[in-house]
Structure formats: C-alpha cells, structure tokens
Amino acid sequence: MKKYDVVVIGAGPGGYVTAIRCAQLGLSVACIESWVNDEGKPALGGTCLNVGCIPSKALLDSSHHFHHIKHASNDHGITLTGITIDVNKMVSRKAKIVTTLTQGISALFNKNKVDWLKGRAQLLNNKEIEISPQHETHDEKTIVAASHIIIATGSVPTKIPPATVDNKLIVDSTGALAFNAVPHRLGVIGAGVIGLELGSVWNRLGSEVTILEALPDFLSLVDRQVAAAAEKSLRSQGLDIRLGAKVTGTGSNNREVTISYNDLQGRQQITVDKLIVAVGRSPNTAGLGVAECGIELDRRGFIVVDEHCKTNLANVYAIGDVVRGPMLAHKASEEGVAIAERIAGKPGLMNYATIPWVIYTWPEIAWVGKTEAQLQAEEIEYRTGSFPFMATGRARAMGEMNGLVKILADAKNDRVLGIHIFGANASELIAEAVITMEFDGSAEDLARTIHAHPTLSEAVHEAALAVDNRTIHL
Ligand code: FAD
Ligand code: NAD
C-alpha cells in the first residue's frame with residue numbers, strides 16, 4: 001500500500017491548491033479526484049473550473065460584450081448593424097477555456113510532483129482511503145494510506161421537491177451554462193448569486209427572464225444601500241425579479257414549464273421555455289464514508305471543523321464548500337494553504353473577516369467586512385462615507401456612471417470595518433479594500449493614499465475622504 005504524508009480528496013480550488021502547497025513544503029502528496037468531463041475524461045479543477053466560476057465568467061464576459069456593443073456603442077459614435085450572437089460558438093469558447101485551465105492544473109501537479117489518483121474516494125479510517133476506479137476503466141479498487149487526510153469534496157446544487165431537475169427543460173447551474181440557444185422565456189428559482197449571474201447572461205442575449213425569490217428582501221446578505229442600487233439597475237436591464245415568491249410546483253409538457261408559486265397577492269403561475277433552479281448548494285459527502293468513520297456532521301450535512309479546519313477525527317481536516325463559511329473558491333483555497341502550512345509546522349492562518357465577495361452582474365457588486373445592518377445589530381458605533389461613480393472623471397469617460405463606493409469605519413478609532421462597492425470593475429476595486437482591512441487600516445489611511453487619476457479607484461479614495469466629510473468632488 002502506497003503511503004503519503006498527505007492525501008487530499010477532491011481537486012477543486014480547495015483541494016488542488018492544498019495539494020500544490022503541501023508539495024511545495026516538501027510533503028509527499030496525492031490528490032484523489034473523481035470528476036469526469038463531458039468527453040468522458042477525468043478532469044481536475046472541481047466545480048469552480050468545470051461548471052462554476054470560470055465557465056460562468058466566460059459566458060458573463062461574452063454576453064456583456066454582446067450587450068455593450070448593441071446598446072452602448074452608439075453613445076461612443078460607433079454605429080453597428082446586424083449584430084448577432086452565435087450561442088454555440090460562445091459555449092464552445094467557454095468549453096475551450098475550461099479545458100485549457102483544467103489541463104493547466106494537471107501540468108502544475110506534474111511540476112510539483114503531486115500524484116493525481118483518479119477515482120472515487122471513501123474513507124476507511126483516519127489513515128486509509130479506498131479508491132474506486134472511474135466507471136469506464138477496469139482498474140481494481142486500491143487503498144492508499146496517509147498521515148494526514150484533507151477532505152475537499154465541495155458541494156452540489158440543492159434540490160427542491162417542487163422543481164425536479166431533468167436537465168432538459170428544468171436545469172441546475174450546470175445545465176444553464178450549456179444552453180444551445182437563447183431561451184425565449186427563462187424562469188429562475190432563486191435570486192441569489194447564481195440566479196442573478198446566469199439570469200443576466202441570458203437576459204443580455206435576449207431572454208425574457210423572470211426570477212422567483214422566496215425571501216421578501218433582495219440580496220439579504222448585501223448592504224442595503226448597495227442591494228437597493230443593484231436591484232434598481234437589474235430591474236432596469238429587464239430582469240423581472242419577483243420577491244416573496246414561494247414556488248409550490250412545476251409541470252412540463254416537453255416544450256415548456258409552468259411554475260406555480262404563492263406571493264402576497266395569492267396563487268400565481270408563469271410559463272417559461274427553460275427553468276433554472278438556483279436555490280443554493282449543499283455539502284458533498286455522499287459515499288465518502290465520513291459518518292461511518294465517526295466524523296461529525298452538522299444538521300445541514302456540513303462537516304464540523306474547528307477554526308483550523310480540523311474535524312473531530314485525529315489528522316483529518318476538511319475545507320471549502322463542504323464546511324461552514326461562504327461557498328467561495330478563494331475561501332476554499334486559503335483554508336487549504338493554511339492547513340498545509342500547519343501540517344508542515346508553519347503558522348498557517350486564515351482570516352475569515354477579510355474574505356471578499358463578488359457578484360458578477362453588471363455593474364458588479366463587491367464587498368468585504370461588515371454591512372451597516374450587522375454593525376447596528378452588534379451595537380458597534382461607526383461612521384460612513386460614500387461616493388457615487390458618476391462624480392468621477394473615469395466613470396464618465398467610460399460611460400459607467402451607475403455605481404457607488406461605501407466605507408464603514410469604526411467611530412472610535414477609524415478602522416475600516418466594511419467596504420461595499422456597486423459599479424463597473426468592482427471585482428478588481430475590492431482588492432484595495434481587502435488589503436486595507438487585512439492591515440487593520442483606517443479610512444484615513446485610504447484617504448491619504450495617492451490614487452491614480454483618472455481611475456475608478458478614485459471613488460474609493462473619495463469615499464474614504466467622505467468618512468471625514470471632506471470629499472473634494474462632491
Ligand atoms: P469543488 O470545487 O466542488 O471541488 C470538489 C471536488 O471534489 C470535485 O471535483 C469533486 O469531483 C471531488 N469529489 C467529491 N467527492 C469525491 C470523492 N468521494 N472522491 C474523489 N473526488 C471527490 N466561487 C467564487 O469564489 N467565485 C465565483 O465566481 C464563483 N462562481 C460560481 C459559479 C457557479 C455556477 C457555481 C456553481 C459556483 C461558483 N462559485 C464561485 C463557487 C465555487 O465554485 C465553490 O465555492 C468552489 O468550487 C468550492 O471549492 P471546493 O474545492 O471546496 O469544492
Ligand atoms: P444563494 O444562496 O446565493 O441563493 C439562493 C437563493 O435562492 C436565495 O436567495 C434563497 O432565498 C433562494 N431560495 C431558496 N429556496 C427557494 C425556493 N424554494 N424558492 C425560491 N427561492 C428560493 O445560492 P446560489 O445562487 O445557488 O449559489 C450557491 C453558492 O455558490 C453561493 O452561495 C455562492 O457561495 C456560490 N457562488 C458564488 C459566486 C460568486 O462568488 N460570484 C457565483 C455563483 C455561486
């Protein structure tokens with residue numbers, strides 16, 4: 001039986017990054033992965049690279065170009081006619097990006113001498129793992145041993161009884177990344193991150209999109225001011241967002257889907273050509289043998305871990321979507337890096353307070369730290385400063401005036417407690433906010449930092465000045 005210092009189960013952004021960091025630190029490491037792609041080939045990268053972050057952003061970028069060329073070029077004096085979208089080409093481009101990146105991880109494994117063990121892992125105890133081969137191979141089951149086991153098995157789309165995914169008319173996020181034509185009428189259950197991102201993709205390409213959200217508030221986790229600005233903007237783009245809509249059932253006739261739901265007005269029904277179910281994701285521990293080995297799960301099925309991602313079973317850790325905390329690729333990766341370093345005897349640490357969030361609608365929504373509502377609930381005194389994109393020269397030059405930056409700072413010591421951005425390129429602007437918080441910076445630190453002119457980052461600078469009521473351009 002082959003023995004490793006570390007065996008990682010799962011090669012998503014949690015598992016593959018952990019494996020590489022372990023190898024860099026001189027540990028012998030294997031990564032077990034069961035993913036088989038559409039071509040029937042084993043693939044690394046997990047949800048993120050195969051059916052998540054990367055393919056969704058490829059489609060968001062393609063659809064953004066299409067929409068922008070169609071609707072914004074005239075303002076720049078550019079006249080274009082006969083603009084069309086070739087959906088199959090757009091989807092093939094996405095597939096090519098996925099293949100390039102997933103093969104890139106395989107190359108990184110080779111470079112770092114990480115053994116990629118293909119098949120499905122089942123924990124036998126805290127030292128041994130059985131690997132069942134991929135269904136198309138005739139390999140025998142094997143057992144590997146490890147001094148440390150890291151579970152990074154990720155998550156799967158949550159199912160709801162009123163809308164069973166058939167991957168024909170009713171799809172989950174994976175199906176929604178692979179439509180071969182623009183649906184005329186598209187329904188989405190869930191106005192969360194996936195619902196808004198994928199709803200935006202198909203809306204930009206011409207679908208009439210209706211999003212049904214059970215909760216009465218739009219993006220309840222997001223700062224209220226930012227959520228209100230985003231809701232207004234998305235509605236003006238044509239997304240028909242219906243809040244407080246509780247789906248009770250669906251029926252399909254092989255051509256269209258009828259969705260029944262209840263809202264404050266009573267019983268409602270809509271009919272669509274395709275329906276995306278995007279109501280969250282659930283931890284993936286099926287067949288992994290965790291419960292049999294005595295690993296504690298919480299009531300929602302997440303593996304219970306401490307602040308260093310240790311499970312209750314000695315030398316077994318778990319990271320990423322399969323444990324508590326936000327389901328984000330960078331959160332999974334950084335948890336893995338911290339564990340690898342601790343196993344190697346270094347002080348690996350994970351700062352949960354500075355995990356950035358980005359929702360890749362257009363304009364984008366990004367934030368780090370606490371919202372105003374959280375600060376109020378925690379009775380923390382704060383000062384706030386905000387600044388609209390439209391007052392910056394660069395946003396005007398770009399024609400991207402819709403947006404704002406909002407900074408929340410501790411009233412006692414000016415330390416930044418949260419930064420919330422709605423606007424073009426918020427996904428990039430948020431990095432400055434994360435660094436400020438990571439270094440325990442103050443609004444005054446940001447206000448005294450020289451920002452290049454003309455850039456969108458000047459809105460961050462001005463919002464920091466606004467905390468002290470000294471904006472220049474407003
Ligand atoms: P995963 O990426 O899910 O990887 C787990 C891996 O473990 C899989 O490859 C699986 O095959 C393997 N596995 C499971 N069980 C076994 C077993 N028993 N044996 C062997 N292998 C096994 N996050 C962001 O930060 N930014 C985004 O823009 C973003 N966009 C997203 C868009 C979509 C449409 C979706 C669905 C998700 C998106 N996410 C995004 C979330 C992100 O994909 C996840 O948070 C991230 O992939 C979690 O990483 P992970 O390593 O924990 O798990
Ligand atoms: P989500 O939790 O973001 O949103 C799900 C939404 O569905 C919620 O608003 C919820 O209230 C609603 N909902 C639940 N049950 C419902 C029902 N029966 N009827 C109507 N609405 C219902 O989940 P998601 O959008 O599926 O995404 C899953 C996770 O994947 C996210 O939480 C996020 O962590 C990750 N993700 C991240 C990104 C990103 O970072 N940009 C992108 C996509 C996904």
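Could you check the stretch 71-170 for strands (runs of 3 or more DSSP E) lying wholly inside it with 3 or more residues that are of a type in the set (A, V, I, L, M) and closer than 19 Å to Gly10 by Cβ? So that I can check it myself, show each step before the final result.
Numbers: elements: 115-118, 120-123, 128-132, 142-151, 155-157.
Where strands (runs of 3 or more DSSP E) fall fully within the stretch 71-170 and carry at least 3 residues being of a type in the set (A, V, I, L, M) and closer than 19 Å to Gly10 by Cβ, they are 142-151.
What tally of residues in the stretch 272-326 results from selecting those that are of a type in the set (Asp, Glu), within 14 Å of ligand 2 (Cβ to nearest atom) and without any contact (Cβ under 8 Å) to a residue 24 or more places away in the chain? Reasoning before the result, please.
Keep residues of the stretch 272-326 that are of a type in the set (Asp, Glu), which gives 273, 292, 296, 298, 306-307, 321.
Checking the rest, the ones that are also within 14 Å of ligand 2 (Cβ to nearest atom) come to 321.
Okay, now just the ones that are also without any contact (Cβ under 8 Å) to a residue 24 or more places away in the chain, so none.
Qualifying residue count for the region: 0.
If we keep just the residues of the stretch 137-158 that are of a type in the set (A, V, I, L, M, F, W, C) and within 16 Å of ligand 2 (Cβ to nearest atom), which is most open to solvent (accessible area, probe 1.4 Å)?
Quick first cut of the stretch 137-158, residues of a type in the set (A, V, I, L, M, F, W, C) only: 143-146, 149-152, 156.
So of that shortlist, the ones also within 16 Å of ligand 2 (Cβ to nearest atom) come out as 152, 156.
Numbers: Ala152: 14, Val156: 61 Å².
The residue in question is Val156.
Is there a residue being open to solvent by less than 40 Å² (accessible area, probe 1.4 Å) and of a type in the set (Asp, Glu) anywhere in the stretch 243-264?
Yes, because at least one residue in the stretch 243-264 is open to solvent by less than 40 Å² (accessible area, probe 1.4 Å) and of a type in the set (Asp, Glu).
Any residue in the stretch 149-172 that is within 30 Å of Leu123 (Cβ to Cβ) sitting within a Cβ distance under 9 Å of a residue that is of a type in the set (Lys, Arg) and more than 9 Å from ligand 2 (Cβ to nearest atom)? List the pairs, counting only those 6 or more apart or interchain.
Going by the 9 Å Cβ cut-off, the qualifying pairs are Ile149/Lys127; Val165/Lys159; Asp172/Lys159.
For the stretch 159-179, give me each residue that is open to solvent by 40 Å² or more (accessible area, probe 1.4 Å) and β-branched (Val, Ile, Thr). Full working, then the answer.
Our first condition is that a residue be open to solvent by 40 Å² or more (accessible area, probe 1.4 Å); within the stretch 159-179, this holds for 159-161, 164-168, 174, 178.
Ile160, Thr164, Val165, Thr174, listed by residue number.
If you go through the stretch 15-47 one residue at a time, how many are of a type in the set (Asp, Glu) and more than 22 Å from Leu288 (Cα to Cα)? Write out each step before concluding.
Within the stretch 15-47, the first condition is being of a type in the set (Asp, Glu), and the residues that meet it are 33, 38-39.
Now narrow it down to the ones that are more than 22 Å from Leu288 (Cα to Cα): 38-39.
Number of matching residues: 2.
Taking interchain pairs and intrachain pairs at least six residues apart, which have beta carbon atoms under 6 angstrom, with the first residue in the stretch 390-404 and within 18 Å of Glu231 (Cα to Cα) and the second part of a helix (DSSP H, G or I) and open to solvent by 30 Å² or more (accessible area, probe 1.4 Å)?
That search, which allows pairs on different chains as well, returns Met401/Met390.
Among the residues of the stretch 94-131, what is the count of those that are open to solvent by less than 50 Å² (accessible area, probe 1.4 Å) and either modelled with pLDDT under 95 or of a type in the set (D, E, K, R) (or both)?
Residues flagged as open to solvent by less than 50 Å² (accessible area, probe 1.4 Å) and either modelled with pLDDT under 95 or of a type in the set (D, E, K, R) (or both) within the stretch 94-131 amount to 2.
Just to be sure I understand the filter: pairs with C-beta atoms under 6 Å, separated by 6 or more residues or on different chains, first member in the stretch 192-206 and under 18 Å from Val358 (Cβ atoms), second member more than 13 Å from ligand 1 (Cβ to nearest atom) and part of a loop (DSSP other than H, G, I, E, B). Which pairs pass?
Cβ pairs passing all conditions: Gly199/Leu239.
Which of (1) within 14 Å of ligand 1 (Cβ to nearest atom); (2) modelled with pLDDT of 95 or more does His135 not meet, given it meets every other one?
(2)
I need the full set of residues from the stretch 411-433 which are of a type in the set (Asp, Glu) and open to solvent by less than 30 Å² (accessible area, probe 1.4 Å), in order please.
Asp414
Out of (1) surrounded by 16 or more Cβ atoms within 10 Å (Cβ to Cβ); (2) in contact with a strand residue (DSSP E or B) (Cβ under 8 Å, 6 or more places away or on another chain); (3) within 27 Å of Ser92 (Cα to Cα), the odd one out for His184 is which?
With respect to (1) surrounded by 16 or more Cβ atoms within 10 Å (Cβ to Cβ); (2) in contact with a strand residue (DSSP E or B) (Cβ under 8 Å, 6 or more places away or on another chain); (3) within 27 Å of Ser92 (Cα to Cα), His184 is out only on (1).
Any idea how many residues of the stretch 327-356 are over 24 Å from Val290 (Cβ atoms), within 16 Å of ligand 1 (Cβ to nearest atom) and free of Cβ contacts under 8 Å to residues at least 40 places away in the same chain?
1
Keeping to the stretch 434-460, report how many residues are within 18 Å of Tyr382 (Cα to Cα) and open to solvent by 40 Å² or more (accessible area, probe 1.4 Å). Please lay out each step first, then the result.
In the first step, residues of the stretch 434-460 are kept if they are within 18 Å of Tyr382 (Cα to Cα); the result is 436-437, 440-447, 460.
With open to solvent by 40 Å² or more (accessible area, probe 1.4 Å) added as a condition, the list becomes 440, 444-445.
Residues in the stretch 434-460 being within 18 Å of Tyr382 (Cα to Cα) and open to solvent by 40 Å² or more (accessible area, probe 1.4 Å): 3 in total.
Based on this model, can you work out whether Ser63 counts as closer than 18 Å to Gly175 by Cα, more than 8 Å from ligand 1 (Cβ to nearest atom), hydroxyl-bearing (Ser, Thr, Tyr) and within 25 Å of the chain's Cα centre (by Cα)? It would help to see each step written out before you state the result.
Numbers: closer than 18 Å to Gly175 by Cα: yes; more than 8 Å from ligand 1 (Cβ to nearest atom): yes; hydroxyl-bearing (Ser, Thr, Tyr): yes; within 25 Å of the chain's Cα centre (by Cα): yes.
Yes.
Check the stretch 191-201 and report whether any residue there is out of contact with any helix residue (DSSP H, G or I) (no Cβ under 7 Å at 6 or more places or on another chain), in a strand (DSSP E or B), open to solvent by less than 40 Å² (accessible area, probe 1.4 Å) and away from ligand 1 (no atom under 12 Å from the Cβ).
Checking the stretch 191-201: not a single residue is out of contact with any helix residue (DSSP H, G or I) (no Cβ under 7 Å at 6 or more places or on another chain), in a strand (DSSP E or B), open to solvent by less than 40 Å² (accessible area, probe 1.4 Å) and away from ligand 1 (no atom under 12 Å from the Cβ).
For residues that are closer than 14 Å to Ala152 by Cα and not in a strand (DSSP E or B), scanning just the stretch 23-39, find the one that is farthest from ligand 2 (Cβ to nearest atom).
The residue in question is Ser34.
The values are calculated or read from the model by the stated rules, or taken from the named source; none is laboratory data. For clarity, every value in this text was computed on a predicted model and none was experimentally measured. Quick reminder, even Gly has a Cβ in these numbers, built from the backbone with ideal geometry, and neighbours come from all protein chains shown. For the accessible areas, the whole protein counts, side chains as well, though only heavy atoms, and no ligand, DNA or RNA atoms are used. Shrake-Rupley method; radii C 1.70, N 1.55, O 1.52, S 1.80 Å.
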